[in-house]
Every structure is written in structure tokens, then in C-alpha cells.
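For reference, the structure is listed below as C-alpha cells.
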Amino acid sequence: MTVDFTTEQTAFARAVADFCKREAGTREKRDHLTQHGTHTHSEEVYAKMADLGWLGLTVPEEYGGSDATMVDMCILLEETARGMAPIGAIGPTLITGGAYAKFGTDEQKDTVLRGIVRGASQSISMSEPEAGSDVGNLSTRAEKTSDGWVVNGQKTWCSNAHISENILLVARTSRGEGKHEGLTMFHVPANTPGLKINPIELMGGQKETNDLYFTDCLLPEDAVVGEVGNGWRQLMTGLNFERLILAAMSLGAAERAFEDTLGYVSQRKQFGRPIGTFQALRHRIADLATEIECTKLLVYSVAREADAHPDRMLAREASMAKLKATETAKRVALEGMQMMGGYGYATEFDMEAHVRGALVSTIFGGTSEIQRDIIGKTFGL
Ligand SMILES: Cc1cc2nc3c(=O)[nH]c(=O)nc-3n(C[C@H](O)[C@H](O)[C@H](O)COP(=O)(O)OP(=O)(O)OC[C@H]3O[C@@H](n4cnc5c(N)ncnc54)[C@H](O)[C@@H]3O)c2cc1C
């Protein structure tokens, strides 16, 4: 592989891969940990990762983390996705933690960042039924009263809210000239009275995301994260970190789907020979391997750029990484399914789960269309 890691990073990647093999290396183990694939997150595996100190990688040292690099974070996410570790809450948790690290008060950081290090999940809630890609158009209101803030409205698609300790809420505190003005981030413990969390069932019966209903939900005055009215700008500074996280996870997912496909076409015989030796399949394998190699180079190049220039937004580069990695994961999984024939479609094999996971990756965290739009705009269009 062409990405040049340090000796420590190579050893770290190996340690994570070994851990995944040990904890979730067989279908039997994964079925047990995820209740036959219906849950994406295992507290048991996550707690072991916390004990190893891996969940604090992106957390500053003063809050118990190791303040590691973006490259280190990508290695962890790539290898856990590749190893199919059932830790679905890690992405949203790291994304949420990034916002608290930048904008939270000392007290909020103490609660949330130390929570992340010890293995507590955190969620972020931006999307609403009428505000998806156009998330700046959100309308959940937080009104200032003498007691603090009163929140009313409905959010949707909030990943892992049902198992999270806290939710980072983006709500409207005023109506300005533009829709992006008047948004504010709030710290909401998941057990706050006035907040109801209802599951949304996903493809394959998966339980991961939730609707959130806020009804006269009272938050203390100091629940604001960052500045009142500055929520959009704060969100923008974190979305690139979010895109890199999703890209690294999709890279690992693409690699796993590729390895499973390669294993199958090397073994499966038709017409007296392994099907992978037919040129139609061998060329596809070559194309997918090339796509994955390009994706890996892009993801780690953006991670290095982010490490070298932590204050740069990297809008174009991070969107390119998210777009390329998720579309590659989707292509690899779909072609893998085709190359496995009927067995790719059977739940007995992992390929259909790879397809389900890859299909949604081009939708959440900003769809592929939106990523292309962002990239296009950076060219002045
Ligand atoms: C599994 C899952 C987990 C999620 N987790 C979270 C979470 O934790 N927190 C959170 O806040 N949100 C979360 N989301 C929400 C997610 O970010 C949105 O679903 C996504 O941004 C798209 O919004 P939408 O579903 O409303 O689709 P829409 O915005 O209605 O888009 C529908 C289609 O129209 C296209 N489209 C829209 N606008 C344009 C445009 N300007 N140009 C071209 N095409 C366009 C889109 O690309 C898409 O193909 C999650 C979603 C899913 C499915």
C-alpha cells in the first residue's frame, strides 16, 4: 500500500485490525453483538476500545484524551470499518466531540469529552423533516426566558440518540435576514424532560436513527454551546472534520467488501475454474482495487493536510474525500454482490450488509449531490 505511515501508525493499524478479529472476527460473534445485525453498536466492544484508550484519540490531553493526529483517527476508523467492528456510534460521537472541543465551555467539555474517553456515545441533531440537505432552513425554536431556554419542535434522523448521553442540538433562536443567521448550538442531556426519542426503523430492520420531539423542553441558560446566533458558522467549521470521518469509515468498508469479494471469486468454481479467472470478473477486480487505492491516497492526503493546517476549512478536499470514499464503497459492494451471484444477496453472507451500509453512506453527512455542489462552488461556479 502506498500510504506512508510511521512505524507507530503501522503498529497501531495492526493492533486495531487484531482487536477487530478477536472481538468481531466471525459472523457468529457479530450476530451475537448486534442482535443479528439489527443494532449497529455494541457497548461491550466499545467499552473495550475505551479501556485501550482509543476513543480519546481526538480529545485534547487535558480532558483525558491523547490529542492524536487526523491520520491516526483515520487509521482507527478505516481499520474498525474494515474489521466490521459493531461500533456504529463512533462516527457521530467523534463529530459531536469535535464541536464541543472547539466551542464548549470548560464544564461542557469536562462532561462530554471525558464521557467520550470513557466510552459514552454522543449525538448531533441538525436534520428536520423539512430541513435535510437544506439544513440551514431548520425551524426547531429555542426561546429565551427568565429560566433559560425553552425548546419546541421536531428533529429527525438523529443517530444513536437512544443510547447517547448527550445530544448537540442545533436550533433557531432568532429569524434574521438570511436563513443561516439566528441558529444556535445547545447541550442537551438525553434524559432532559420534554425530550422524547422515537426510533426510525431502517433498511434491514436496523435500529440506529431517531426522531426527536421537543415539547416545552427547558434548558438552563448555560446550555448554549459557543455563541448565540453563531451556530451555522460553528457547524461549517466542523463539517469538514465530519466528512473526513465518514470518508475513512467508507474506505474501510470498501476494503472489506473487496476482500470478501476476492475471497469468494477465488474459491467459487463454475465451468471447472474459479470464477475470478474469467476476464469479465478479473478486470472488475482490477478496477475496484484501483479505485480503492485512489480513495486511500485521497483520504490520507486530506488527513495530512488537516494535520498540517488545522485552521483551514478544506471544503473542497474534505468533500472530495467523502464523495469518493462513499461512492467507491457503494460501487465495490454492488459489484461484489453481482460477482457473488445469488449468494451475494443471501443474508448468510456479509455482502448484502455491505450493500446496505454503502447505500446510505452517500446520503448521510451531506448527499453525493450536495458534496458535488460544494466542490463545484469552490471553482467559482
Ligand atoms: C442513516 C442516517 C443517519 C443520519 N444521521 C444523522 C444525524 O445523526 N444527525 C443529523 O442531523 N442528521 C442525520 N441524518 C440526516 C442526513 O444528513 C440527511 O438525510 C441528508 O442530509 C439528506 O437530507 P434528506 O434526507 O432530507 O434528503 P433531501 O434533502 O430531501 O434530498 C433528497 C434528494 O434530493 C437531492 N437534493 C437536495 N437538494 C439538492 C440540491 N441543491 N442539488 C442537487 N440535489 C439535491 C439530494 O441529494 C437527494 O438525492 C441521517 C440520515 C440517515 C439516512
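If you go through the stretch 255-273 and pick out every residue that is basic (Lys, Arg) and under 16 Å from TYR345 (Cα atoms), you end up with 1.
Each row is one residue, and each column tells you yes or no for (1) among the basic types (Lys, Arg); (2) in contact with a Leu (Cβ under 9 Å, 6 or more places away or on another chain); (3) in the same structural domain as PHE258 (by TED's automatic domain parsing).
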position	(1), (2), (3)
GLU305	no, yes, yes
LYS324	yes, yes, yes
MET340	no, no, yes
TYR345	no, no, yes
GLY366	no, yes, yes
ILE370	no, no, yes
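Residues in the stretch 227-260 that are under 19 Å from PRO92 (Cα atoms) and among the small types (Gly, Ala, Ser): GLY231, GLY238, ALA247, ALA248, SER250, GLY252, ALA253.
Please verify whether the stretch 277-295 includes one or more residues that are hydrophobic (A, V, I, L, M, F, W, C) and outside any helix (DSSP H, G or I). Yes, there is a match, as at least one residue in the stretch 277-295 is hydrophobic (A, V, I, L, M, F, W, C) and outside any helix (DSSP H, G or I). In the stretch 146-170, which residues are farther than 22 Å from ILE363 by Cα, part of a strand (DSSP E or B) and touching a Leu at 6+ places or on another chain (Cβ under 7 Å)? Answer for the stretch 146-170, where residues must be farther than 22 Å from ILE363 by Cα, part of a strand (DSSP E or B) and touching a Leu at 6+ places or on another chain (Cβ under 7 Å): GLY148, TRP149, VAL150, VAL151.
Only a single criterion out of (1) away from the ligand (no atom under 13 Å from the Cβ); (2) modelled with pLDDT of 95 or more is not satisfied by LEU212, namely (1). As a summary of the residue check, LYS196 satisfies the conditions (1) charged (D, E, K, R); (2) surrounded by fewer than 15 Cβ atoms within 10 Å (Cβ to Cβ); (3) touching a His at 6+ places or on another chain (Cβ under 8 Å) except for the one numbered (3). If you go through the stretch 346-377 and keep only what is more than 12 Å from the ligand (Cβ to nearest atom) and surrounded by fewer than 14 Cβ atoms within 10 Å (Cβ to Cβ), you end up with ALA346, THR347, GLU348.
Just one of the listed residues (ALA358, ALA303) is in contact with a Cys (Cβ under 8 Å, 6 or more places away or on another chain), in a helix (DSSP H, G or I) and under 20 Å from GLU291 (Cβ atoms), and it is ALA303.
For the stretch 102-130, residues that are assigned to a loop (DSSP other than H, G, I, E, B) and away from the ligand (no atom under 12 Å from the Cβ) total 4. All of THR93, THR58 fail the test of being within 16 Å of the chain's Cα centre (by Cα), closer than 30 Å to GLU259 by Cβ and part of a loop (DSSP other than H, G, I, E, B), apart from THR58. If the condition is being more than 8 Å from the ligand (Cβ to nearest atom), modelled with pLDDT of 95 or more and of a type in the set (D, E, K, R), then the stretch 131-173 contributes ARG141, GLU143, LYS144, GLU165, ARG172.
The values are calculated or read from the model by the stated rules, or taken from the named source; none is laboratory data. A quick note: this is a predicted structure, and the numbers were derived from the prediction, not measured. Positions of Cβ are generated from backbone atoms using ideal geometry, with glycine treated the same way; all protein chains shown enter the neighbour counts.
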